[in-house]
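Reviewing the structure listed below.
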Amino acid sequence: MKHKANNGLAGARRYPRNWKWGVLFICPWIIGFLTLQLYPLLQSLFFSFTDFSILSDGKWIGIKNYVDLFRKDRYFGKSFLLTVKYALMTVPMKLVFALFIAMLLNMKIKGINLFRTVYYLPSIMGGSVAVSILWKFMFMKEGIINNVLSKVGIPAVNWLGMPDTALVTISLLVVWQFGSSMVLFLAGLKNVPQDLYEAASVDGASKVRQFFSITLPMISPIIFFNFMMQTINALQEFTAVSVITNGGPNHGTYLMGLKIYEDAFSSLKMGYASATSWILFLVVLVVTSLLFRTSDAWVFYNDGGAD
């Protein structure tokens, strides 16, 4: 026993001498985090208290940028509310659609792997500028969608010419990019124990009851993760609104991401844009904190405990 104990102590002494290898292997990540994430983050926080622009050095002005945002900027409030409205529309629709497709693809039918690949394709190319341009042409007044509607006697809709329909049109593009959420839901569905369904069937539970009493609780960690990530992405949306409508019509799709870009690179007010981005960052922080705090009530794990 003494000999074994000595061997254990000797082994424990060897580990501290190997810590340098661990640091060496994670150095690329540390360097990338410090130079590409932490430093720009802290620099933008400093810029938010200055009148810095791309063409000239800025001077310290304190909280003036933040005060101007809430008191003088007529588009900030509207942009913020539109961003919240956009997130409330896209996130639930995207998750419901992704879960529905995942349940279909979880069936054991011939050629299911091909269907899974096809359904994942929109997620790969959906966020690109090219697809956004294609979406714009599809929903133009003389576009493909209106041409199809005219064939069945439905009058043309000015999808991109009215604020409400323009926001809905962009939301549909984001909902179409459901592939990543669908893959996670599919993985979660495959991990649900089948004996739970068998026991429920023996007890006479219907498919609907099984879905709400077994499926949803068992995949609730996946729902929580997807809901959090998709909410963060929706609050930062930029590409679709920039390419399809450029914030119009009548600033009806002028989301926060686009406002930050235009303040920084069109108006050349980098300090002002930094202040806006930090407010958006705080909103994302509050939303994620609320999700984590409320997860105890609806996120469950296989051991029966709540998160």
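The values are calculated or read from the model by the stated rules, or taken from the named source; none is laboratory data. What you are looking at is a predicted structure, and each value in this text was computed from that prediction instead of being measured. All Cβ positions, glycine included, derive from the backbone under ideal geometry; neighbour counts span all protein chains shown. These area figures cover heavy atoms from the full protein model, side chains too; ligands, DNA and RNA do not enter into them. Shrake-Rupley method; radii C 1.70, N 1.55, O 1.52, S 1.80 Å.
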Comparing Asn18, Asn233, Asn65 in a Gaussian network model of the chain (Cα, 10 Å), the one with the largest mean-square fluctuation is Asn18
Expressed as a percent, the accessible surface of the chain that is carbon or sulfur, using a 1.4 Å probe and the full set of protein chains, is 68
Amide H neighbours of Thr50 at under 5 Å, excluding residues fewer than 5 places away on the same chain, with H built from the backbone geometry, are Ile61
In whole µm²/s, the translational diffusion coefficient that Stokes-Einstein assigns to the chain, given a Kirkwood hydrodynamic radius over C-alpha pairs, 10 °C and 1.306 mPa s, equals 68
Note to self: C-alpha centroids of region 200-214 and region 72-151 sit apart, in Å, by 31
Expected sort for 248-261, 195-208 on mean C-beta neighbours within 10 Å, highest first, is 248-261, 195-208
Probe 1.4 Å, heavy atoms of protein chains only: per residue, the accessible area of the chain in Å² is 61
So the FRET efficiency between Met93 and Leu41, C-beta based with R0 = 30 Å and rounded to 0.05, is 0.45
Answer in debye to the nearest 20: the dipole magnitude of the chain about its Cα centre, from +1 Lys/Arg and -1 Asp/Glu charges placed on Cβ, is 760
The FRET efficiency for Met103 and Asn250, from their Cβ-Cβ distance with R0 = 51 Å and rounded to 0.05, is 0.80
For Lys136, the lysines lying under 30 Å Cα to Cα, once residues fewer than eight places off in the same chain are dropped, come out as Lys78, Lys85, Lys94, Lys151, Lys259, Lys269
Simple SL model, points at 7 angstrom along Cα→Cβ for Trp19 and Asn191; separation in nm is 3.3
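Mind checking which helices in the chain clear 30 Å along their axis (Cα) and have mean Kyte-Doolittle hydropathy of 0.0 or more, DSSP H runs only?
Working: long enough: 76-105 (42 Å, 1.63); 270-294 (36 Å, 1.59).
Within the chain the helices that satisfy the rule are 76-105, 270-294.
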Using the Cα gyration tensor of region 187-289, the equivalent ellipsoid's semi-axes, largest first and to the nearest Å, work out to 45, 15, 9
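With runs of 4+ DSSP H residues as the only contributors, calculate the mean residue ellipticity of the chain at 222 nm using -39,500 (n - 2.57) per run, divided by the residue total and rounded to the nearest 500. Write down the numbers at each step before the final one.
Details: 16 runs with 202 residues, N = 307.
That calculation yields -20500 deg cm²/dmol at 222 nm.
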By the C-alpha gyration tensor axes a ≥ b ≥ c (rounded if a/c is under 1.5, else prolate when a/b exceeds b/c, else oblate), the shape of region 184-236 is prolate
Here, Ala200 and Lys64, labelled 7 Å along Cα→Cβ, have an inter-label distance in nm of 6.1
Expected unfolding gain across Phe33-Phe115 under the 0.36 nm per residue rule, minus the alpha-carbon gap, is 25.7 nm
Expressed in nanometres to one decimal, the distance between label points 7 Å along Cα→Cβ at Val284 and Val152 is 3.9
